[in-house]
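**Student:** Structure incoming, see below.
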Amino acid sequence: MNRYAAEFVGTFWLVLGGCGSAVLAAAFPGVGIGLLGVSLAFGLTVLTMAFAIGHISGCHLNPAVSVGLWSAGRFPSKDLLPYIAAQVLGGIAGAGILYLIASGKAGFDASAGFASNGFGAHSPGGYSMTAALTCELVMTAMFLVIILGATDADAPAGFAPIAIGLGLTLIHLISIPVTNTSVNPARSTGVALFAGGWAVEQLWAFWVAPILGAVLGAGVYRIIKSR
């Protein structure tokens, strides 16, 4: 149970820290952190949690990562569904605390977005569903390649959290304009439930594409790692 609790806490922090930076700080008058700051915030949540709980649960914080590691033979089947459940619940809890904070400001409206992921009219840059699905699939695949490579027994010891955190930062720098960046179904689910409406209607895309991308990434790493 300590591993599941660690995944809950870690995903809670990812959503509160990453989505919180987008909701509370991205456009703050005069000192807003913008796209660069939000990207860095997501990377920092993973970096900090990797050092904090990586030795307990592996610090997946993401159903797609758990599926990808399972697909690569690095994670047991018996733990897959409990990990995903803990991650989704942690994401909802993080979004709940963020909602409680954000709603303390007059005029707050979660339905306006609440850092939710979307495509078409709900894409920050107006990108189509096809573009969004492609982006999420490829970004998640590359994220898995980074994770599997950085945590490989042959990789330099102790640097995996840095590589993974910076990798997630880069992914956000690329894809925030397209989908607001998911690559993580738990992160998407947490905020979508509070935003409601279109965010829930489009949530399927941010489960399907990241999970397929994770399996693809695991396959790619197996090919390039094979000897």
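The values are calculated or read from the model by the stated rules, or taken from the named source; none is laboratory data. If you're wondering where the values come from, they're calculated on a predicted model, not measured in any experiment. Neighbour counts are summed over all protein chains in view; Cβ atoms, including those assigned to glycine, are modelled from backbone coordinates with ideal geometry. Accessible surface areas use protein heavy atoms only, side chains included; no ligands, DNA or RNA. Shrake-Rupley method; radii C 1.70, N 1.55, O 1.52, S 1.80 Å.
Table: residues versus (1) open to solvent by 50 Å² or more (accessible area, probe 1.4 Å); (2) farther than 16 Å from W13 by Cβ.
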site: W70; (1), (2): yes, yes
site: G73; (1), (2): yes, yes
site: P82; (1), (2): no, yes
site: A86; (1), (2): no, no
site: L89; (1), (2): yes, no
site: A95; (1), (2): no, no
site: L98; (1), (2): no, no
site: F108; (1), (2): yes, yes
site: S111; (1), (2): yes, yes
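**Student:** Let me ask something else. For segment 166-189, what are the residues that are among the small types (G, A, S) and assigned to a helix (DSSP H, G or I)? Even if it seems obvious, please write down each step before you answer.
**Tutor:** So the first thing to find is which residues in segment 166-189 are among the small types (G, A, S), and the list is 167, 175, 182, 186, 188.
Residues satisfying the conditions are G167, S175, A186, S188.
**Student:** Next question, about the same structure. Name the single residue, out of those in segment 202-227 being more than 26 Å from S123 (Cβ to Cβ) and not in a helix (DSSP H, G or I), that is least open to solvent (accessible area, probe 1.4 Å).
**Tutor:** Of everything passing the filter in segment 202-227, S226 is least open to solvent (accessible area, probe 1.4 Å).
**Student:** Restricting attention to segment 118-130, which residues are in a helix (DSSP H, G or I) and over 11 Å from P177 (Cα atoms)?
**Tutor:** Scanning segment 118-130 gives G120, A121, M129, T130.
**Student:** If I ask for residues that are surrounded by 15 or more Cβ atoms within 10 Å (Cβ to Cβ) and more than 18 Å from S175 (Cα to Cα), which ones from segment 21-43 would you list?
**Tutor:** Across segment 21-43, the qualifying residues are L24, A25.
**Student:** Mind listing just one residue for me: the one in segment 52-68 that is crowded, with 24+ Cβ neighbours inside 10 Å and not in a helix (DSSP H, G or I) and, of those, farthest from the chain's Cα centre (by Cα)?
**Tutor:** If we filter segment 52-68 for residues that are crowded, with 24+ Cβ neighbours inside 10 Å, which is where we start, we get 59-68.
Still in the running and not in a helix (DSSP H, G or I): 59-62.
Values: C59: 12, H60: 10, L61: 7, N62: 6 Å.
Residue satisfying both the conditions and the ranking: C59.
**Student:** From G158, G167, G91, which residue is under 18 Å from M49 (Cα atoms), in contact with a Lys or Arg (Cβ under 6 Å, 6 or more places away or on another chain) and not aliphatic (A, V, I, L, M)?
**Tutor:** G91
**Student:** Still on this structure, I have one more. Evaluate the following for H122: is it open to solvent by less than 20 Å² (accessible area, probe 1.4 Å) and not polar (S, T, N, Q)?
**Tutor:** Answer is no for this residue.
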